[in-house]
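Novice: Structure provided below as structure tokens; questions to follow.
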Amino acid sequence: MNDQRRRIALFGSNLTSRYKRSLCRVFNLAAEEYDYDLVVFNTYGRIGTRNGFTEDYETEILDYFDLDSFDGVIFDGEGYNVDGMSESIERKLRTLKCPVISISSYIEGFYNVEFDDAGGLRTMVEHFIDHHHFKRIGYMSGPLNHPDAISRLNEFRSVMKEHGLPEDGVGMFEGDFWYNKGNEAAHFFLSRTERPEAIVCANDYMALSLINNLRKHGVRVPEDIAVSGYDGTLEGKEALPHLTSVTRERRDIARKAMQLLEDLVEHPEKKDIDLRVTPKPIYAQSCGCEPLDYQHVLDIVARVHEEKRMMSTDIYESESAMVKLNMVENVRRMEAVFAEDSVNFGEYSSFFMMVHQDAEGRPAYDSGFTAPSGNFVPVIWIDKNKEYSKSPHQFNRSLFIPRADSDRCHVYYIMSVHCAEKLFGYSICEMTGKDIFSEFHNMWLHNLGLTLNALKKNDRINKLIGKLEGLSVTDGLTGMLNRRGFDDKSRNAIAKFHEIKMVCTMVIDMDGLKRINDQYGHHEGDRAIKALAEMIQQCCKSGEIAGRVGGDEFYVFAMDYSETRLKRFIERLQSLLANYNQTEGRDYKIDFSYGAYLAETDSYGQLDDFLKVSDERMYEQKMTKPGRRR
């Protein structure tokens, strides 16, 4: 990213939907026209419809970016379909020093590029009244708690009243701005005392659903009832009959927003500047204005079939990628899978995925991760055109996008990478064309989040297994190997012999432990055992394997040994013991008996046989000490 070029942020949600996709394109074109770098912050919003749900941490990632580094911000609050999310973004944007422009609804305190919603709906209703001479007009509203639905309904009532018609026409039905209530709406309007000649719908999706359900009742559109929508969606333009609607001129919105930002950056003293965009009516077949263009219909059918074929292919690619991601064992393999299989969301030139680090430098997928430090490290770095510098390797609040070495303007899409209640970091994607990626990009991010979560869980499980394995072979009192650990390690060492070697086994037994326990308590007995254990381990300087195998008994196994090494080991242990007894000032002295056995063996040697000899020799030595009987 060129530090000299102006940098603009665009905040929106659900931008991959067909309704929103064109918004990204027009802003990409406008950014190129003005030679701005554009950073688009997109969120998933609500996932699914029938059993949909929302995920946390969609907007929390913004807390880790320096949003004041932008020269201007554009806010599209219309697409946020999660309660409170739009308001949360709005609160963050109010703290910025740069100008913020709202492009979808009027927001006090922001600059606004407004669409003349009321004027657009007025144009459509007056078209039915003045051009088609309809008197019986029905209205299908959006949810009556939605501001757009309220303003459009009020304008419908106002126009009807001005023309001397009932304010609600032949009836007003409350819809959902989606496809779900078309059947109810059809029943509602067809059951009216006066059947409507036309029905004005507050958006295209409700209009398309209504037309489909009217058709099921044998009602022809527009021959029996004319229907209009609102918003000028691609679905409406491709439907049969093509939908009469009102379109938001998004290219005008993008240009006006960019020009306004340009003026505000050049003249920051300007205040109270709001712009309006005039709607454009689309008079098509659903109101009877345009004849059916059969060639156009054939082109649509061919394109739909091609999109369906590509969709099937992309679904197969997603299934393959999901399986591969489920098999990865580390994040490095994630990058390889993404680079190889990310072929179904559009052509991209770069993709980066950054994950949180904690204060100790642990990444967010490490089970030991504590809390975000504000630093990020890349775990996926795909730079197809070699435009980005990998230095520095760590990213933070002020540097959250890699520095580009090219002079062209760039458009980046940033989304959070999370899973359920865990925020791992964020992704940055740069497409090669002007269009945003498809929904399959979001599927990738979901699966990357799930994979990171699985790696975190696996890391926790592996560490727990390691801890349990350590406990199973470790003596809890001394930290030495226990009998199982000693046997396993010693036998594994013997099994790896490729030639005959001299080995040594030692059995070391503390003298007088029972007396210490009886006279001074078991805590002193434990202290004595730990002291002898520490001294034995200090003597293991030549690869010896040592373990506590009983209450006061220790084993030592050594390879490539000799009489000289054995003598040095015992002398050092006796020296350490003498120093301990002299300096600790206990009321008791620690002493030990030992037995050692040197033998040549190959990989078939039996550890138990060597230890048996050592144990017998230890017992013989112990019985020679004063106060002992054979």
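The values are calculated or read from the model by the stated rules, or taken from the named source; none is laboratory data. What you see is a predicted model; the values in this text were computed from it and never measured. Cβ: placed from backbone, ideal geometry, glycine included. Neighbour counts: every protein chain shown.
Novice: Could you list, in sequence order, all residues of the stretch 98-124 that are out of contact with any strand residue (DSSP E or B) (no Cβ under 6 Å at 6 or more places or on another chain), crowded, with 17+ Cβ neighbours inside 10 Å and in a helix (DSSP H, G or I)?
Specialist: Passing the criteria: Asp117, Leu121, Arg122.
Novice: Taking the stretch 506-525, which residues are surrounded by 15 or more Cβ atoms within 10 Å (Cβ to Cβ) and within 55 Å of the chain's Cα centre (by Cα)?
Specialist: Of everything in the stretch 506-525, those that are surrounded by 15 or more Cβ atoms within 10 Å (Cβ to Cβ) and within 55 Å of the chain's Cα centre (by Cα) turn out to be Glu524, Gly525.
Novice: Kindly provide the set of residues from the stretch 343-368 that are of a type in the set (Asp, Glu), over 30 Å from Arg408 (Cβ atoms) and touching a residue at least 24 places away in the same chain (Cβ under 8 Å), ordered by number. I'd like the intermediate steps shown before the answer.
Specialist: Within the stretch 343-368, the subset of a type in the set (Asp, Glu) is 347, 358, 360, 366.
From the residues that got through so far, the ones that are over 30 Å from Arg408 (Cβ atoms) too are 358, 360, 366.
The one that is of a type in the set (Asp, Glu), over 30 Å from Arg408 (Cβ atoms) and touching a residue at least 24 places away in the same chain (Cβ under 8 Å): Asp366.
Novice: Same structure again: So, Leu532, is that one in contact with a helix residue (DSSP H, G or I) (Cβ under 9 Å, 6 or more places away or on another chain), modelled with pLDDT of 90 or more and outside the structural domain of Asp609 (by TED's automatic domain parsing) or not?
Specialist: So Leu532 fails the test.
Novice: Please go through the stretch 455-478 and give me each residue that is in contact (Cβ under 8 Å) with a residue 24 or more places away in the chain and touching a strand residue (DSSP E or B) at 6+ places or on another chain (Cβ under 9 Å), ordered by number.
Specialist: Lys456, Asp475, Leu477, Thr478
Novice: Another question about this same structure. Tell me which residues, restricted to the stretch 126-135, are within 52 Å of the chain's Cα centre (by Cα) and either more than 13 Å from Ile225 (Cα to Cα) or not hydrophobic (A, V, I, L, M, F, W, C) (or both).
Specialist: Glu126, His127, Ile129
Novice: Would you be able to say whether some residue in the stretch 364-377 is in contact with a strand residue (DSSP E or B) (Cβ under 9 Å, 6 or more places away or on another chain), modelled with pLDDT of 90 or more and not in a loop (DSSP other than H, G, I, E, B)?
Specialist: Yes: the stretch 364-377 contains one or more residues that are in contact with a strand residue (DSSP E or B) (Cβ under 9 Å, 6 or more places away or on another chain), modelled with pLDDT of 90 or more and not in a loop (DSSP other than H, G, I, E, B).
Novice: Right, another one. Has the stretch 148-165 got any residue that is in a loop (DSSP other than H, G, I, E, B), at positive phi and within 37 Å of the chain's Cα centre (by Cα)?
Specialist: no
Novice: If you check Leu298, Leu275, Leu264, which single one turns out to be over 26 Å from Lys20 (Cβ atoms) and either of a type in the set (A, V, I, L, M, F, W, C) or loosely packed, with under 11 Cβ neighbours inside 10 Å (or both)?
Specialist: None of the other options fit; the residue is Leu298.
Novice: Name the single residue that is surrounded by the fewest Cβ atoms within 10 Å (Cβ to Cβ) among those in the stretch 219-249 being among the β-branched types (Val, Ile, Thr) and part of a strand (DSSP E or B).
Specialist: Once the filter is applied, the top-ranked residue is Thr247.
Novice: Would you be able to say whether some residue in the stretch 174-197 is hydroxyl-bearing (Ser, Thr, Tyr) and at pLDDT 95 or above? It would help to see each step written out before you state the result.
Specialist: Step one: of the stretch 174-197, the residues hydroxyl-bearing (Ser, Thr, Tyr) are 179, 191, 193.
Next cut, at pLDDT 95 or above only: 191.
Yes, because at least one residue in the stretch 174-197 is hydroxyl-bearing (Ser, Thr, Tyr) and at pLDDT 95 or above.
Novice: Given the conditions (1) closer than 30 Å to Asp602 by Cα; (2) within 10 Å of the chain's Cα centre (by Cα), which single one is not true for Leu448?
Specialist: (1)
Novice: Separate question: Which of the residues spanning the stretch 321-342 are part of a loop (DSSP other than H, G, I, E, B), buried (at least 16 other Cβ atoms within 10 Å of the Cβ) and not small (Gly, Ala, Ser)?
Specialist: Within the stretch 321-342, just Val328 meets the criteria.
Rundown of residues vs (1) within 16 Å of Cys504 (Cβ to Cβ); (2) outside any helix (DSSP H, G or I); (3) in contact (Cβ under 8 Å) with a residue 40 or more places away in the chain, yes/no style:
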| position | (1), (2), (3) |
| --- | --- |
| Gln519 | no, no, yes |
| His523 | no, no, no |
| Ala528 | no, no, yes |
| Ala533 | no, no, yes |
| Gly550 | no, yes, yes |
| Tyr555 | yes, yes, yes |
| Ala558 | yes, yes, yes |
| Tyr561 | yes, yes, yes |
| Thr564 | yes, no, no |
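Novice: For a quick check of your reading of the model, give me the residue pairs whose first member lies in the stretch 616-630 and is closer than 14 Å to Met506 by Cα, whose second is modelled with pLDDT of 90 or more and of a type in the set (D, E, K, R), with beta-carbon atoms closer than 6 Å and at least 6 apart or on different chains.
Specialist: From residues that are closer than 14 Å to Met506 by Cα, the pairs are Met618/Asp509.
Novice: Something else now. Going by what's in this entry, would Ser593 be described as touching a Lys or Arg at 6+ places or on another chain (Cβ under 6 Å), under 22 Å from Lys541 (Cα atoms) and surrounded by 14 or more Cβ atoms within 10 Å (Cβ to Cβ)?
Specialist: Values: touching a Lys or Arg at 6+ places or on another chain (Cβ under 6 Å): yes; under 22 Å from Lys541 (Cα atoms): yes; surrounded by 14 or more Cβ atoms within 10 Å (Cβ to Cβ): yes.
Criteria met by Ser593.
Novice: Being of a type outside the set (Ser, Thr, Tyr) and more than 19 Å from Tyr64 (Cβ to Cβ) is true for just one of Gly361, Gly346. Which residue is that? First the steps, then the outcome.
Specialist: Numbers: Gly361 fails: more than 19 Å from Tyr64 (Cβ to Cβ).
None of the others qualify; the one that does is Gly346.
Novice: Which residue, of Leu243, Leu210, Leu261, is touching a Leu at 6+ places or on another chain (Cβ under 8 Å) and either outside the structural domain of Gly288 (by TED's automatic domain parsing) or at pLDDT 95 or above (or both)?
Specialist: Unique residue meeting the criteria: Leu243.
Novice: Something else: One residue is enough: does the stretch 206-218 have a residue meeting the conditions among the charged types (D, E, K, R), under 42 Å from the mean Cα position of the chain (by Cα) and not in a strand (DSSP E or B)?
Specialist: no
Novice: I need the full set of residues from the stretch 613-625 which are in a helix (DSSP H, G or I) and surrounded by fewer than 14 Cβ atoms within 10 Å (Cβ to Cβ), in order please.
Specialist: Hits for the stretch 613-625 are Glu616, Glu620, Met623.
Novice: Next question. For Gly361, state whether it is farther than 27 Å from Ser438 by Cα and in contact with a Lys or Arg (Cβ under 6 Å, 6 or more places away or on another chain).
Specialist: For Gly361, the condition - farther than 27 Å from Ser438 by Cα and in contact with a Lys or Arg (Cβ under 6 Å, 6 or more places away or on another chain) - is not met.
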